[in-house]
1. State which residue is most open to solvent (accessible area, probe 1.4 Å) when the search covers only the stretch 24-52 and only residues that are polar (S, T, N, Q) and closer than 22 Å to residue 195 by Cβ.
2. Take the residues of the stretch 267-286 that are over 16 Å from residue 31 (Cα atoms), charged (D, E, K, R) and touching a residue at least 40 places away in the same chain (Cβ under 8 Å): which is surrounded by the fewest Cβ atoms within 10 Å (Cβ to Cβ)?
3. Quick check: anything in the stretch 124-139 in a loop (DSSP other than H, G, I, E, B) and either closer than 29 Å to residue 77 by Cα or modelled with pLDDT under 95 (or both)?
4. Would you mention how many residues in the stretch 14-23 are over 24 Å from residue 66 (Cβ atoms), open to solvent by less than 40 Å² (accessible area, probe 1.4 Å) and touching a residue at least 24 places away in the same chain (Cβ under 8 Å)?
5. Scan 72, 62 and give me the residue that is crowded, with 23+ Cβ neighbours inside 10 Å, touching a residue at least 40 places away in the same chain (Cβ under 8 Å) and of a type in the set (Gly, Ala, Ser).
6. Inspect the stretch 299-311 for any residue being assigned to a helix (DSSP H, G or I) and in contact with an Asp or Glu (Cβ under 9 Å, 6 or more places away or on another chain) and give the result as yes or no.
7. Filter the stretch 24-56 for residues that are part of a loop (DSSP other than H, G, I, E, B) and without any contact (Cβ under 8 Å) to a residue 40 or more places away in the chain; which is farthest from the chain's Cα centre (by Cα)?
Amino acid sequence: MVQSMITEETRNIDACVEQIIELHRVGCELVRVTTPSLDEAQCLEAIRAKVTERYQYVPLTADVHHQGTAIAVEAAKHVDEIRVNPGLFVFRRHGSRAKVDVRGREGDEIDQLRQELAYSETEQDDELQAIEDSFVPVIEACKKFDRAMRVGVNHGSLSERLLVTYGDTPEGMVQSALEYLRLCEKHGYTNLNISCKASRVQIMVAANRLMVQRMNEEGMAYPLHLGVTEAGDGEYARIKSTAGIATLLMEGIGDTIRVSLSEDPKNEIPVCYDILQSLGLRKTKVEYIACPSCGRTKFNLPTVLREVREATKHLVGLDIAVMGCIVNGPGEMADADYGYVGAAGGKITLYRKRDVVKNGIPQENGVDELISLLKADGMWTEPAEAGKTPTTPLNVL
């Protein structure tokens, strides 16, 4: 499932409604709305109603922040999912610990600090009881209204107690999530998913791998939401997000994703779909297989690839190869449905899978001949017609 989050202020109901609709139209399947106060949570009722009235039903998540019991209970009346951050949900500081930052310390220094700042068993029990007291009403509200909950841990907002105990580590992130999962199970609630996000790819990947390991050890099997938080903007943010999300998806870890960009949220959606398509988990566009070109190439490959793409990009579901020569082309494009391969003398050869369909085609006629082949095989639709057919996700995970 592809997710994103609106950026409009929640009290601006009409602006939120328009951004939710826009995100859903470009492919976002679950939209998150920030609810930092009870006032914002109460706005969710109108947001939900107007989205449905003006457009259609769209799955919504309410992002609940610190000291969020009443906020989450109210939000559960109106949305499909509540997201809570264990590091902030019950926010406490204990005396001198508030003045000491254990982040970035190493070796003996961090060990000494942990010993000095360690929580007593009584303090541990008191805080866990405080969490349970605050959290049980949220669990009961989610059960009453049949809502899901995301236990969303952020590397940068671990609770003071866990930060002192484990440092800002994947272990601390996982323990933070497990405390809340155990409470949910204790009170008979399992409609849960988890996120372990960090702005550093290595931490995010390690935390999610460890989360899977710990769940297996405790007999849990909850879905995981993946994302590299605070990735920034532009090309690097997209690469950074892909590095984390795709690594885990390749291992079979992950059930929902978000690419977090410091841009218009709708820019996140194409990146999500490109990640999923590249891994064979979704098919939302034509897959083009094209060689990088070299001295053997028999035509201007970037130009020809662009021409083929423009003519066929609406045929979602197909794999089409554009290869510069016959030396490696036929072998390297073997998985493609159709191949367009350069040959000597300004000619091209068309393939269906591994089989030559037609050769000796003048380059200037190549795209037209490819279209004719697609029509003959019943694979062609006019672009306007193709737009009427929604794509269907492939359930691979």
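1. If we filter the stretch 24-52 for residues that are polar (S, T, N, Q), which is where we start, we get 34-35, 37, 42, 52.
Subset that is closer than 22 Å to residue 195 by Cβ: 34-35.
On the way: 34: 36, 35: 0 Å².
The residue in question is 34.
2. Top of the filtered list is 283.
3. The initial filter retains those residues of the stretch 124-139 that are in a loop (DSSP other than H, G, I, E, B), namely none.
No.
4. Going residue by residue through the stretch 14-23, those that are over 24 Å from residue 66 (Cβ atoms) are 14-15, 17-23.
Of the ones still in play, those that are also open to solvent by less than 40 Å² (accessible area, probe 1.4 Å) are 15, 17, 19-21, 23.
So of that shortlist, the ones also touching a residue at least 24 places away in the same chain (Cβ under 8 Å) come out as 17, 19-21, 23.
Number of matching residues: 5.
5. Values: 62 fails: touching a residue at least 40 places away in the same chain (Cβ under 8 Å).
Criteria check complete, one pass: 72.
6. Filtering the stretch 299-311 down to residues assigned to a helix (DSSP H, G or I) leaves 301-311.
Next cut, in contact with an Asp or Glu (Cβ under 9 Å, 6 or more places away or on another chain) only: 311.
So far as the stretch 299-311 goes, yes, one or more of its residues are assigned to a helix (DSSP H, G or I) and in contact with an Asp or Glu (Cβ under 9 Å, 6 or more places away or on another chain).
7. Residue satisfying both the conditions and the ranking: 37.
Every residue, every condition in (1) without any contact (Cβ under 8 Å) to a residue 40 or more places away in the chain; (2) farther than 20 Å from residue 209 by Cβ; (3) in contact with a Cys (Cβ under 7 Å, 6 or more places away or on another chain); (4) open to solvent by 30 Å² or more (accessible area, probe 1.4 Å), yes or no:
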| site | (1), (2), (3), (4) |
| --- | --- |
| 233 | yes, yes, no, yes |
| 240 | yes, no, no, yes |
| 265 | no, yes, no, no |
| 294 | yes, yes, no, yes |
| 298 | no, yes, yes, yes |
| 311 | no, yes, no, no |
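The values are calculated or read from the model by the stated rules, or taken from the named source; none is laboratory data. Just so we're clear, the structure is a prediction, and the values are computed from it rather than from any experiment. Neighbour counts are summed over all protein chains in view; Cβ atoms, including those assigned to glycine, are modelled from backbone coordinates with ideal geometry. In case anyone asks, the SASA skips ligands and DNA or RNA and just uses the protein heavy atoms, side chains included. Shrake-Rupley method; radii C 1.70, N 1.55, O 1.52, S 1.80 Å.
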